[in-house]
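Written out below as structure tokens is the structure these notes cover.
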Amino acid sequence: MTILKSQKINLLRKGIASAILLASFAASGTAQASERGKVLVILSSEQTVALRDGKTYHAGYYLDELEIPLRKIIEAGYTPVFANPKGNPVTFDKASNDKIFYDGSDKKRAEAVSYLEGVDALKHPQTFKNILKGGTKTFVGVFIPGGWSPMQDLTTDKDLGKILTGFHQQGKPTGVICHGPAALISTLPDAAAFTQALAAGKPELAGSLAKNWPYAGYRLTVFSRSEESAVEGAQAQLGGNVSYYAADGLAQAGAHVDRLGLWAVNVVEDREVVSGQQPFSSDAFGNAFVAKLKNSL
């Protein structure tokens, strides 16, 4: 009896250890045995964003826009692979480290920060060039969280344009939220000229440059102009005004931009693309994107 009891205890210990190990693998994005596939997570390399009149805003990804969908992706059995233009580690926008995005729960907010700190792969993103070497066929989907940082580099990154074009051509799930949808502009033939025209207040010129955009005619949602206006200004969160509105950029490129009221939960699905309007849409967006991943198998 003593031997059997000892064996049961050892088996229980091994089981607990295995569970902890699997959880650790999942959190670090390195699980291999039971993964459903790899999801490419695109981040900006920038922590500051240029505003009008020479002002800047200290940005980063939005905490809940990355953490909530990422947690759902990992728990569903997918392995995240992080990448950005420079391959440099980045962190969240300090303004997003707020319980308001976690149902007013400071405990949930703190747990979100701790969770991302435990995702080791997030600290070592690959470069876009490295992703291109391996190609996009090894991934089952791509996810781009928001924050203002994507407006600084992702919208005009040619390598990202190639990566996203690959996912589009293969019809693989593409999840974008808040300012993340603006990264789709990178697939334009001359994204730099397009965004420069928008910043210069020349929408007609921008429209003339929006030829052969892969996502023309798609229904998308994005951080709305009214929401942008609510956080602009010297006394507001941004401390200045953005160079151009992400919603206007997508509309000029050829998308049908769907926006609900200020801070309303909004998720739009069209073909392979799932888009969310802003941080308060993160939970619904994460569920919709994971469902899209599962249904695409």
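The values are calculated or read from the model by the stated rules, or taken from the named source; none is laboratory data. Keep in mind that this is a model prediction, so the values were computed, not measured. Cβ: placed from backbone, ideal geometry, glycine included. Neighbour counts: every protein chain shown.
Here's a check for you: in the stretch 154-186, which residue that is surrounded by fewer than 23 Cβ atoms within 10 Å (Cβ to Cβ), free of Cβ contacts under 8 Å to residues at least 60 places away in the same chain and not basic (Lys, Arg) is farthest from Leu40 (Cα to Cα)? Checking each candidate, the answer is Thr156.
Here is a check on your reading of the model: is Ala95 at pLDDT 95 or above, surrounded by fewer than 22 Cβ atoms within 10 Å (Cβ to Cβ) and part of a helix (DSSP H, G or I)? Yes: the conditions hold for Ala95. When Gly15, Gly87 are checked against the criterion of being part of a loop (DSSP other than H, G, I, E, B) and either surrounded by 10 or more Cβ atoms within 10 Å (Cβ to Cβ) or at pLDDT 95 or above (or both), Gly87 stands alone in meeting it. Taken together, Ile73, Ile100, Ile68 contain a single residue that is modelled with pLDDT of 95 or more, part of a helix (DSSP H, G or I) and in contact with a strand residue (DSSP E or B) (Cβ under 6 Å, 6 or more places away or on another chain), which is Ile73. Residues being part of a loop (DSSP other than H, G, I, E, B) and among the small types (Gly, Ala, Ser): count how many of those fall in the stretch 236-284. Here the count works out to 7.
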